[in-house]
Amino acid sequence: MECGKKIEDNELIMHMLYNLPSVYDNINDQYMKDLDNKKDIELEDFRADLRRKYDRLLDQGNIDKLMTTTTKKLLKKKKH
């Protein structure tokens, strides 16, 4: 990516999908299919799905609160 270049939502989402941990594979598969089908994805919908998955994993004890730094950063990213 070029410095100062505006990034489209779908590009940002694709970048995030490629960097998600494997516990997010079901979300990854869903959104990659949508992107492959040239479907526009709303960034806020994607963030909401990541948040719900994160909360479920945390509630189920499948992830440690101390190991969620990367996930939190991904969820807090804003489009610039």
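One residue stands out in the range 2-12 among those that are in contact (Cβ under 8 Å) with a residue 40 or more places away in the chain and either more than 17 Å from ASN37 (Cα to Cα) or not in a helix (DSSP H, G or I) (or both): the one that is nearest to the chain's Cα centre (by Cα), namely ILE7. When residues in the range 42-64 are screened for being surrounded by 16 or more Cβ atoms within 10 Å (Cβ to Cβ) and closer than 18 Å to ILE7 by Cβ, 4 of them pass.
Per-residue answers, yes or no, for (1) of a type in the set (Asp, Glu); (2) at pLDDT below 75:
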residue	(1), (2)
PRO21	no, no
ASN28	no, no
LYS39	no, no
ASP45	yes, no
ALA48	no, no
GLN60	no, no
THR69	no, yes
LEU74	no, yes
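Can you tell me how many residues in the range 21-60 are farther than 12 Å from ASP9 by Cα and part of a helix (DSSP H, G or I)?
Here the count works out to 26.
Of the residues HIS15, HIS80, which single one is outside any helix (DSSP H, G or I) and either at pLDDT 90 or above or exposed (fewer than 11 other Cβ atoms within 10 Å of the Cβ) (or both)?
Unique residue meeting the criteria: HIS80.
The values are calculated or read from the model by the stated rules, or taken from the named source; none is laboratory data. Given the structure is predicted, the values throughout are model-derived calculations rather than measurements. We place every Cβ from the backbone using ideal geometry, glycine too, and count neighbours over all the protein chains shown.
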